[in-house]
Amino acid sequence: DRSGNEVYEYTTESNENDFLIRWDGKSKRGLKLAAGTYYYEAVVTFDVLDPTEQEKTYKGWIQLLR
């Protein structure tokens, strides 16, 4: 949110094949969030041989329209 509080978290298990994040615009408590711009940070762990390439961080934004 605008105060920097986390409003949503998504974690997968290693055996999960679905990489899409289907966020429905609701908070962790199931409340509809206000329309606006929400920023994200995704830390992704890859199954690779080189440990220095195993984890990457991606940042961006999402425009939520109601």
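Give the residues of the range 33-57 that are under 20 Å from Asn5 (Cβ atoms) and either out of contact with any Leu (no Cβ under 7 Å at 6 or more places or on another chain) or in contact (Cβ under 8 Å) with a residue 60 or more places away in the chain (or both), sorted by residue number.
Matches in the range 33-57: Ala34, Thr37, Tyr39, Tyr40, Glu41, Ala42, Val43, Thr57.
Looking only at residues in the range 11-26 that are surrounded by 10 or more Cβ atoms within 10 Å (Cβ to Cβ) and under 14 Å from Ile62 (Cβ atoms), which one is modelled with the lowest pLDDT?
This residue is Ile21.
Any idea how many residues of the range 40-57 are surrounded by 10 or more Cβ atoms within 10 Å (Cβ to Cβ) and not β-branched (Val, Ile, Thr)?
Going through the range 40-57 one residue at a time, the tally reaches 5.
Which residue out of Gly30, Gly4, Gly60 is surrounded by fewer than 11 Cβ atoms within 10 Å (Cβ to Cβ), part of a loop (DSSP other than H, G, I, E, B) and modelled with pLDDT of 90 or more?
Gly30
The values are calculated or read from the model by the stated rules, or taken from the named source; none is laboratory data. Since the structure is predicted, the reported quantities are computational estimates derived from the model, not experimental observations. Don't worry about glycine lacking a Cβ; one is built from the backbone with ideal geometry, like all the others, and counts go over all protein chains shown.
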